[in-house]
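One structure below.
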Amino acid sequence: MPQEHANIEFAEQLGVHLRAQFPLLLVDTVEEQRLVDKVAAATEPLSMRCLTWDSVSGFSSVHDSRSMAPATDPLDVLERLRGMSSNSVVVLKDFHTQWENPQVLRATRNYAQRRGEAGPTVIVVGAGATPPPELADSAVILEFPPPSRVELQAVLREVLEGRWVRRELDDGGMDRLIESGRGLTLEQARRVFTKAVVADGVLDHGDIRLVLEEKKAIIATSGALEYLEPDEAAEDVGGLDALKEWLRLRERGFSSSAREFGLPAPKGIALVGLPGTGKSLTAKTIGSLWGVPLLRLDIGAIYSSFMGESEKRARHALKLAETIAPCVVWIDELDKAISTGSNDNGTSTRVVGTLLTWMSEKTAPCFVVATANDISKLPPELLRRGRFDEVFFLDLPTESERREILAVHIRASGRNPDSFDLETVARHTDGLVGAELAQAVHDALIVAFDHNRELTTDDLLACGAQVVPLAVSQRERVASLRAWLAEGRAKPASREAAASPVPPQRVTGAW
Ligand code: ADP
C-alpha cells in the first residue's frame, strides 16, 4: 500500500529533522490540520512543545489550544522565535505568503541560517509553500503524502458514528469504498463520505461510484491529468494484431490471482509510429480491455517557467494517478513535449528524469502507455530495454489491415462491411494510415449523402484516391523508423511481414 509507506516515511523524516533541530522545514499542502496532528504526534515521544501560529490568532499551543501571544506581525514573529526554547516546534501557517516582503524574507533567511543559536524548528505549511530561490539552500522541503488508508477509515468511522445508516456493503465493499477515497484530502473524504451517507441513509455500491466521481472532479482540476471514460473497444482497432494479442494476454495482469501466480504487474509500453497509425486509439482501448480507468497525462501542461515547478507538477500528477491505481496512465505525444523543451534550461530533462524515476520506483499498479511519433526526439535512456515491458512500432497498415480498418469505420457508420468490396478498396489505398482511411470513409459518406443515395464501393475508392498520404511526404521518417525496428529496438505491432515500401506519389483520382 504505497500511501501507508509514504506516511510512515513522512513521520520518520519529520522525526529525524526535529531531532536534528533543523531551523526551517516547508510543507506544501492544504491539509494544515492533518499536518499539525502529525507534528504533534512526532513531538510527543521527543518531549518537545508544539505550537502553531497564524496571522489572525498569533501563537497557540497545540496541547491546550491556549492562545499565547498575539504576535501577528511577521517580523515580530521571527523575533519572538529567537527567544523560544530549542526544545519546541512551531508550525507557521501560510507564512510563505509573507515572503513577498523582502524584509520578512531576509529575516527568515537569517533565522534559517542560524548556527549554534537557540530557537525552535519552524515548519512553514500552506498551499504552495515552496521556497523562493533565496531560501532554496537553507530550507528543507518535506513531501506530505495523501491520507493513508487508516486515516480514511477513521474518517469514515467518524462520519458513520451517531448516524442511522443501512449498510448494504459487505466487508469487501467497505474496503473498496475506503480504497476509492485514496488521493482525497481528509476534508474532501469527510465531505464525500458524508454526502454518500446523508443522501439516502444507505451505504451501497452507488456510494463507491460517488466517491470516484468526486475523484474525477479533483483530477480535472489538476490540469495535467484527464480522466477518460472507456468508450473504445478492441474491435474499434483494425489490424495491429501482435499488439492487441500482447494486451489481451495481460488482461488479468493486475489481478490478485496474477500476483499469487508469481506474475509481476505489467509496467508499460511505448507505441511509436507515424501520426494516424492508431497509437492513441490503442491506448484508449486498454482501459476498457482491462476494465481499469484511463488517465491521460499531458506533459505539455505541466511545464512551468518557474524553477523546479515542472518536476513538482509532474510528481503531483503521477502521485495523483497512483491513487486511482490500478489504472492506465497514457502519456500522450511524449516526443512533442520533450522536444519543445530543447531550450529550456534543462526543464524537460528534469521532467523526463522525474518520469523515469517514477516508472522504476512506482509500487502502485499504474500501467504506462507512452505514445510518440518521432523517436529521434526522445532521449535514448527513455526507450532503453527494461524501462518499458515492450516498445511497439506501428508501421503503415498492410493490405489486410487496411481492409480491417475500413471495415471498422464502415461498421461505425451503421453499415455492414460485407456489402462493400473492401478488398479492392484496401488494394488501392496502399500507403494510407488508419486516420487517412477513416477520413476516406467519412468523405465517401458525405458524397453519398449529398447525392441522396446509399454509400458505394466506388465512393470509397474515389475518396481513398483523393487522400495525399502523409507517408509520402514523410518517406524518410518511415525509413528511419523501419531501420530502427530492424535494429531490434522495437517489436512490430502487426504480425504480418513488414508493410510494403512507401508507395510513390499517386496521381489523384486515377481510379
Ligand atoms: P496516432 O495516435 O497514431 O496519431 P490515432 O490513434 O489518434 O493516431 O488515430 C486517429 C484516428 O484514426 C482514430 O481515432 C481512428 O478513427 C483512426 N485510426 C487510426 N488507426 C486505426 C486503426 N488501426 N483502426 C481503426 N481506426 C484507426
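The values are calculated or read from the model by the stated rules, or taken from the named source; none is laboratory data. These figures come from a predicted structure and were not determined experimentally. Glycine gets a Cβ as well: all are built from the backbone with ideal geometry, and neighbour counts include every protein chain shown.
Observations on the model:
- Whichever residue in segment 226-238 is over 14 Å from P417 (Cβ atoms) and either buried (at least 17 other Cβ atoms within 10 Å of the Cβ) or not acidic (D, E) (or both) and, among such residues, is farthest from the ligand (Cβ to nearest atom): Y227
- Any hit, segment 408-421, residues being within 16 Å of the ligand (Cβ to nearest atom), hydrophobic (A, V, I, L, M, F, W, C), under 22 Å from L243 (Cβ atoms) and surrounded by fewer than 18 Cβ atoms within 10 Å (Cβ to Cβ): yes
- Within segment 454-472, tally of residues that are modelled with pLDDT of 95 or more, outside any helix (DSSP H, G or I) and either surrounded by fewer than 16 Cβ atoms within 10 Å (Cβ to Cβ) or among the polar types (S, T, N, Q) (or both): 2
- Which listed residue is in a loop (DSSP other than H, G, I, E, B) and either surrounded by 22 or more Cβ atoms within 10 Å (Cβ to Cβ) or out of contact with any strand residue (DSSP E or B) (no Cβ under 8 Å at 6 or more places or on another chain) (or both), from L281, L263: L263
- Long-range neighbours under 7 Å by Cβ, at least six apart or interchain, first residue under 20 Å from T282 (Cβ atoms) and within 13 Å of the ligand (Cβ to nearest atom) within segment 429-447, second part of a helix (DSSP H, G or I) and not aliphatic (A, V, I, L, M): L432/R402; L432/G464; L437/R402; L437/H409; A438/H409; V441/H409
- Among the residues of segment 41-58, some residue qualifies, meaning at least one is part of a helix (DSSP H, G or I) and either under 27 Å from the mean Cα position of the chain (by Cα) or surrounded by fewer than 19 Cβ atoms within 10 Å (Cβ to Cβ) (or both).
- All of S280, S288, S304 fail the test of being within 12 Å of the ligand (Cβ to nearest atom) and farther than 14 Å from D389 by Cβ, apart from S280.
- Test: residue in segment 161-184 that is under 25 Å from T221 (Cα atoms), surrounded by fewer than 16 Cβ atoms within 10 Å (Cβ to Cβ) and of a type in the set (A, V, I, L, M): no
- Of all residues in segment 103-146 being part of a loop (DSSP other than H, G, I, E, B) and aliphatic (A, V, I, L, M), the one that is nearest to the chain's Cα centre (by Cα): A127
- Against the test of being at pLDDT 95 or above and not aliphatic (A, V, I, L, M), the options D389, D430, D421 yield a single qualifying residue, D421.
- Every test in (1) touching a helix residue (DSSP H, G or I) at 6+ places or on another chain (Cβ under 9 Å); (2) part of a helix (DSSP H, G or I); (3) within 16 Å of the ligand (Cβ to nearest atom) is passed by V272 save one, and that test is (2).
- Restricting segment 372-386 to residues that are charged (D, E, K, R) and in contact with a Ser or Thr (Cβ under 8 Å, 6 or more places away or on another chain), the residue that is nearest to T277 (Cα to Cα): D374
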